[in-house]
Amino acid sequence: GLAAAGLLAAVLPRAVPGGQPAAQGPELRVLTANLMFGNGSPDRIVELVRRTGADVLSLQEFPPEAVAKYENAGLTKLLPYKVTDTRWGAAGSGLYAKYPLRALPSLPKTQMAMPSAEFTLPGGRRVQITAVHPVPPISAESLGDWKRDLGELPSGTAGTTAAPPTAPSPGGGVVRVLAGDFNATLDHATLRRLLGRGYADAADRAGRGLVPTWGLGQSRPPLTIDHVLLDRRCAVRSVRVYDLPGSDHRALFARLRLP
């Protein structure tokens, strides 16, 4: 009973909306989806971009042969700018956006493609976003790669390791967002260490942190392994999870208010 009570005390707060910083900046809408080797429904992806009004889309498991399928379905009509690193199988990822993207240097040591880009919102706020997809920690070797991949990701607040939520952003500054399939839940210490470097989990802040994004309808337990991590100075206005036919993941959407 004591063990169960301790577990509930640690986990149930994810289902309760948390406190929010007093962010007064522009709104940012982020959508992320793991396509399961490029098999996720292109029509559904385009529908979700349109429905959510997404400013930026992060795609994982994005092989070269799948690009035309999604773009021909109308993706680039809604999000005309892209930075992609497509690779065979599950290793490719990409970013699509409403606003011009400037590709940032690749993370130096990651096993999977995790492209990063910078764009500027109307009004001048700069955003840096990374499409996240470390290898799954399913063996001793991949466990080390997974830890290294997550450790290579940039800290949440540009120029610091863990700025407080209300810290000012000198000269406007840059807001960082990580979006994708982390192959990790909030129960993993490795992900919590990343959060400790200046991030917050959008679903956790919105009280949606226990909504599973992977493994539904399978023999394994469903897990919440897809995340939008935001500079902790940002506020979360809403989070939604959507089914994605053809994929074993669900799409995750977060509406943010920047500092």
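Taken together, the values in this text are just the output of simple stated rules run on the coordinates, not laboratory data. Remember, predicted model here, so these are calculated numbers, not experimental data. Cβ coordinates were reconstructed from backbone atoms using ideal geometry, including for glycine residues, and neighbour counts include every protein chain displayed.
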With 5 Å bins from 0: P(r) over region 1-134, alpha-carbon pairs, percent: 2, 10, 18, 18, 16, 12, 10, 8, 4, 2, 1, 0
Vicinal HN-Hα couplings computed from phi for region 184-195 (Karplus, 6.51 cos²θ - 1.76 cosθ + 1.60; Hz; Gly/Pro x): 7, 9, 5, 7, 7, 4, 4, 5, 5, 5, 5, 4
Cα→Cβ-extended label distance, 7 Å offset, between ALA5 and LEU210, nm: 1.8 nm
For ILE225, residues with placed amide H under 5 Å, excluding near neighbours: THR213, TRP214
Option label - mean projected area of the Cα convex hull in nm² computed here, alternatives [x] 13.8; [y] 19.5; [z] 17.2: [x]
Span per principal axis, largest first, for the Cα atoms of region 6-50 (Å): 40, 34, 14
Euclidean distance of C-alpha centroids, region 83-152 and region 206-240, integer Å: 18 Å
Total formal charge among the other residues, if their Cβ is under 12 angstrom from that of LEU48, Lys/Arg +1 and Asp/Glu -1: +3
The chain: calculated mean residue ellipticity at 222 nm from DSSP helix runs of at least 4, using -39500 (n - 2.57): -5500 deg cm²/dmol
Test item: Cα-centred dipole of the chain, Lys/Arg +1 and Asp/Glu -1 on Cβ, debye: 780 debye
Solvent-free Debye scattering, log10 I(q)/I(0), computed from the Cα coordinates of region 1-76 at q = 0.11 Å⁻¹: -0.51
